[in-house]
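The values are calculated or read from the model by the stated rules, or taken from the named source; none is laboratory data. Note that the structure is a prediction, hence the values are computed from the model and not measured. Glycine also receives a Cβ, built like all others from the backbone with ideal geometry; neighbour counts cover every protein chain displayed. The accessibility values were calculated without ligands, DNA or RNA, using every heavy atom of the protein model including side chains. Shrake-Rupley method; radii C 1.70, N 1.55, O 1.52, S 1.80 Å.
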Amino acid sequence: YPNKPIRIVMSGSPGGSTDVITRIVTAKLTERWGQAFLVENMSGASGALAAETAAKAPPNGYTLYSLSSSSAVAAAVGQTSGINFRTAYAPITNMVSQPYVMVVNAALPVNSVKELIALAKKEPGKLNFASLGVGSTTHLGMELFNSLAGTDIVHVPFKGTNQAELAIVAGQVNVLLGGALSAMPLVKSGKSRAMGVTSAQRSKLLPDLPTVIEGGVPGFEVDAWFGLAAPAATPQPIIAKLHAETVRVLNMPEVRDKLMAGGSDVTPSESPAAFGQHLNREMDKWEKFMKTTGIKL
């Protein structure tokens, strides 16, 4: 194994984060193994098509699933019907993580997370936040912030990153969880102001920017992450080889540099089991959050 091309299905669109990350990693695997990795983009239906295709494929290592935090969130909040993410796949490894950056419109009179919370509590329901759509990680991440910080910042969904960022710059919305690669140029130009990163620890990409946790919101952690899995019942020797080779590729300086230039922290899992535990923790977090808050999508 492998002695023929390997198919990788994903829900991301061509040119999106999942697509770019997967192609960078699989290009090097193709080079090392001499077998092509054929990437199939299956967009729409909240990722259900890609999830079902991967889950129902023969468990022989020749169909893999490139999944992301968005895939897990969609499943946890009931947007991917018919697939149990906890049992449908054999986890291989996480590949990278991308922290979000909480940014505010430059005219908003706050310079820290604590000041943002104070202003939001002073004027409940007056501030609003942009997201990349109902049920997206950027939506639920800010709802988690509201829940933990005791604020009432109102949701305004947009259809994509560009529209949401234009609305922040124009002052039509006050807050956004933006990807580091696209949000930080707005900060550096003075068009918005960064409050903190959403990861549990400071990002290697932005080491001088505090976390939202440091800003006074214990337990707040929202990362975009991207990993690989295979259909359940894929033989363990195949899973072990895929894990070892993918981690080896991720640790290559040329691959790491490409991924970091795209705004990613390279974060391979120590083992397939560790990635499975991470996936379960993510599912638990969002399932519990939806039940305790009663948020309806």
State the number of residues belonging to the range 202-227 that are modelled with pLDDT of 90 or more and of a type in the set (S, T, N, Q). 1
Just to check your reading of the model, which residue among Leu38, Leu49 is touching a Lys or Arg at 6+ places or on another chain (Cβ under 7 Å), farther than 20 Å from Glu282 by Cα and either at pLDDT 95 or above or of a type outside the set (Asp, Glu) (or both)? Leu38
Being touching a helix residue (DSSP H, G or I) at 6+ places or on another chain (Cβ under 6 Å) and in a helix (DSSP H, G or I) is the filter here; which residues of the range 260-278 pass it? Pro272
Inside the range 278-296, can you point out the residues that are surrounded by 13 or more Cβ atoms within 10 Å (Cβ to Cβ) and either out of contact with any Lys or Arg (no Cβ under 7 Å at 6 or more places or on another chain) or under 15 Å from Ile24 (Cα atoms) (or both)? His278, Leu279, Glu282, Lys285, Trp286, Glu287, Phe289, Met290, Thr293, Ile295
Enumerate the pairs (first residue in the range 146-168 and on the phi > 0 side of the Ramachandran plot; second residue anywhere and open to solvent by 40 Å² or more (accessible area, probe 1.4 Å) and in a helix (DSSP H, G or I)) with beta-carbon separation below 8 Å, excluding pairs fewer than 6 apart on the same chain, so at least 6 apart or on different chains. Gly150/Lys121
What are the residues in the range 182-205 that are under 15 Å from Trp225 (Cβ atoms) and not small (Gly, Ala, Ser), if any? Val197, Thr198, Gln201, Lys204, Leu205
The condition of being under 24 Å from Glu143 (Cβ atoms) and open to solvent by less than 20 Å² (accessible area, probe 1.4 Å) holds, among Phe275, Phe220, only for Phe220
Among (1) under 24 Å from Ala27 (Cβ atoms); (2) in a helix (DSSP H, G or I); (3) open to solvent by less than 40 Å² (accessible area, probe 1.4 Å), the one test that Glu254 misses: (3)
What number of residues in the range 60-96 are aliphatic (A, V, I, L, M) and at pLDDT 85 or above? 7
Find all pairs meeting these conditions: Cβ atoms under 7 angstrom apart; at least six residues apart or on different chains; first residue within the range 104-120 and in contact (Cβ under 8 Å) with a residue 40 or more places away in the chain and closer than 19 Å to Ala180 by Cβ; second residue open to solvent by less than 20 Å² (accessible area, probe 1.4 Å) and part of a loop (DSSP other than H, G, I, E, B). Val104/Val110; Ser112/Gly215; Val113/Val212; Val113/Gly215; Val113/Val217; Leu116/Val110
For the range 257-286, give me the residue count where each residue is closer than 16 Å to Leu148 by Cα and of a type in the set (D, E, K, R). 1
In the range 98-120, which residue that is surrounded by fewer than 18 Cβ atoms within 10 Å (Cβ to Cβ) and touching a strand residue (DSSP E or B) at 6+ places or on another chain (Cβ under 8 Å) is farthest from Ala170 (Cα to Cα)? Ser112
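Can you tell which of Ala261, Ala229, Ala233 is open to solvent by 40 Å² or more (accessible area, probe 1.4 Å), closer than 24 Å to Thr53 by Cβ and small (Gly, Ala, Ser)?
Going through Ala261, Ala229, Ala233 in turn, just one is open to solvent by 40 Å² or more (accessible area, probe 1.4 Å), closer than 24 Å to Thr53 by Cβ and small (Gly, Ala, Ser): Ala233.
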Pairs returned, first residue in the range 44-57 that is among the charged types (D, E, K, R), second residue that is at pLDDT below 90, beta-carbon separation under 7 angstrom, 6 or more apart or interchain, are Glu52/Gly82; Glu52/Ile83
